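Visitor: Input: one structure, supplied below.
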Amino acid sequence: MPKRRSAAVSGRGGGGGGFVGGVGGGGSAAVGSGGVAGAILDEPAGGDVAEIVGGGEIPPLLDEDAAAPDAMVGSPAGEPAAPTGGSGTAGSGTGGTAIPSPESMPRQDREVVFRDGYAGRLGYPLQRSDGEVRRFNDLWGRYDRGDELTPEERGELYEYLRRRMILPARRLDQASRAGDSGEAREAARSFAFRYGQLERFVDSELPVSGQEALEPYRDRVPLALSLVSGEVGIAAPDLASVSTGALNEAVAFQVRDLGRTRADLMGLAASADDFRAVTPKYAELERRLAAARETAAEYERRGERVPPELEREIRLAERWSQSARETSDVLRSRAGRLNFTNDERRNGFTVSRRAVSLPEPPPREVLASPEMRGAASRIFFSVPRRGRTTDLTRHLRRMGIPYAASAEAPPGTAVHINWGSGGTFGEGVANRDTSGATDKVEMLRRLGELAPRSTFDVREAERLFGSRVVAKMASGSRGEGKEVVDLGTDEGRRRAYAYDFFQEFIPERDEYRVTLFGDEVLTAHRKNAVPGSNQEDLAPERVYERARRLPREAVEAAKEARRRCGLDLAGVDLVRDRRDGRWYVLEVNAAPGMGEETLARLVQVVAGRLADQNQERVIESA
């Protein structure tokens, strides 16, 4: 069935507030306080190139000048007050002040019905051969004339507008990296034209939920405008090389985006009962605030006056940022600790001198036997349509193991493995439910005392773990979404609020990856950072060395971690603290990297289970 967004129908409104994506002669952008308005560009001829899709659902936006209910004593006329209490989440006596609810909300989205398969198509450009380009031109022409579209037609046009951004965005990025000014200018014209069309549609039809479509591209807009007007060369795209006109354009966008983000944060922090609702918007505000400060600094370096609207928005953003941090502190302290209760007792485990030998991968001649080849052909991997699967699929092909971006296994499959595909799977599929590993907060709660101590509370983390801690997001893989921050500095504390929880930092460490299928250890590797790596780099360049022996307790801990997270196939990351010899489970991965040695062991295990008449199930459910 088509997906339907329910919303009250609002007036259509004009195409202002952004680029006007219509036809006509070229023109320059007229900058106003609300953004760039009326920049009419001819869409350049030439092929498409690019794909950038992303951005989460954006909460409702407020008008840029939305103010808090009460005026602050001594504040300039018309300037919103600093938060002074009221109904919020922050309690008294904590130093935190709850942010008041915003006064007004914007108009609502119009009703939109999406075609079946909408989300899956967002990663692909329009196809001429399928008639999509002709259909888009028809729908856009009717929309541009002011014709009323049905909810189904609005959903179809919105999809096409999003997919049309893919190629010019990639082309602009590629030209920027290559330093090709001519190509970048052409790409910028196409990018600006299509962004204008998308922004115009979002502004009139989907002012709330449609912001997700604009978010991935906003940072490129000032550069694209500057390139279109010929005011900056791609060889030096920093602010120092931008003309005053281009700076003014950047100011217009920054003022608008800061205002929107600040308004979002006000609304979220007023109603949230979980700091994780505030965290991403706070991080977004900080990024935009940093860009605005740099723009202001550039004006000062030139001896020019900083635009008053930018100064005002920076002051307001700084005020709301501070209040959001204080509110977040209160909410974090309520959330408490993830996996420990005793301040004095450390997590982790100690190991004895007993070590166990790990199985060796079968040699090539054994893998070439009919039994092994038959077992390999009866394993099936469901893999993602997009992502970092190139290495895995190359090894699967070499091993003769079938795979596809599908939740359906072919007939005759004995072992069906979900390797990060995100699909919905029935009984009998390995890793059918990966929630115990994909959500890092849930994973740590399950791991309990096996993992390093972790807490939501910034202040508690500094008190118990010291100033240097590992800050982590609830989601992230392959070293993303985490960093070491210094809570003893203002910059470190500011950066910390972009993360969900904090963990003890182990500076002197040995790291291992143990890959298991059920309780069978497939392989174990020591992860050796290359010489000269910074110990605070949590994802350095590494050389993997296969481990042939591990302490018995470490192997048992890896098995227990797999069971607790509910996985059949798992990559368990272990760390040994060199200072005292304690071991910890850092995390459990539901889609571990698998080389030919690991896959060979998987085939060996599956072949053994298939040959064992007493083996009731090939997959040992976690």
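Visitor: Suppose the filter is within 28 Å of the chain's Cα centre (by Cα), modelled with pLDDT of 90 or more and farther than 24 Å from Ala187 by Cα; does Glu152 pass it?
Guide: So Glu152 fails the test.
Visitor: Taking the options Glu520, Glu536, Glu483, name whichever one is touching a helix residue (DSSP H, G or I) at 6+ places or on another chain (Cβ under 7 Å) and open to solvent by 30 Å² or more (accessible area, probe 1.4 Å).
Guide: Selected residue: Glu520, the only one of Glu520, Glu536, Glu483 that is touching a helix residue (DSSP H, G or I) at 6+ places or on another chain (Cβ under 7 Å) and open to solvent by 30 Å² or more (accessible area, probe 1.4 Å).
Visitor: Now a separate question. From the set of residues in segment 452-493 that are out of contact with any strand residue (DSSP E or B) (no Cβ under 7 Å at 6 or more places or on another chain) and at positive phi, which is modelled with the highest pLDDT?
Guide: Gly466
Visitor: How many of the residues in segment 548-588 are in a loop (DSSP other than H, G, I, E, B), closer than 17 Å to Ser352 by Cβ and either in contact with a helix residue (DSSP H, G or I) (Cβ under 7 Å, 6 or more places away or on another chain) or not acidic (Asp, Glu) (or both)?
Guide: 2
Visitor: Looking at segment 99-132 only, could you name the residues that are among the hydrophobic types (A, V, I, L, M, F, W, C) and either at pLDDT below 75 or part of a loop (DSSP other than H, G, I, E, B) (or both)?
Guide: Hits for segment 99-132 are Ile99, Met105, Leu122, Leu126.
Visitor: Among the residues of segment 526-580, write down those that are free of Cβ contacts under 8 Å to residues at least 60 places away in the same chain and under 19 Å from Glu483 (Cα atoms).
Guide: Hits for segment 526-580 are Lys527, Asn528, Ala529, Val530, Gly532, Ser533, Asn534, Gln535, Asp537, Pro540, Glu541, Arg542.
Visitor: Which members of segment 106-153 meet the condition of being open to solvent by less than 20 Å² (accessible area, probe 1.4 Å) and among the β-branched types (Val, Ile, Thr)?
Guide: Listed by number, the residues that qualify are Val112, Val113.
Visitor: Is there a residue in segment 291-314 that is in a loop (DSSP other than H, G, I, E, B), among the basic types (Lys, Arg) and at pLDDT below 90?
Guide: Yes.
Visitor: Turning to a different aspect of this structure: Mind checking which residues of segment 364-396 are in contact with a strand residue (DSSP E or B) (Cβ under 7 Å, 6 or more places away or on another chain) and open to solvent by 30 Å² or more (accessible area, probe 1.4 Å)?
Guide: Matches in segment 364-396: Arg378 only.
The values are calculated or read from the model by the stated rules, or taken from the named source; none is laboratory data. From a predicted model like this one, the values you see are computed outputs, not experimental measurements. For neighbour counting, all protein chains shown are included, and Cβ atoms are generated from backbone atoms with ideal geometry for every residue, glycine included. The accessibility values were calculated without ligands, DNA or RNA, using every heavy atom of the protein model including side chains. Shrake-Rupley method; radii C 1.70, N 1.55, O 1.52, S 1.80 Å.
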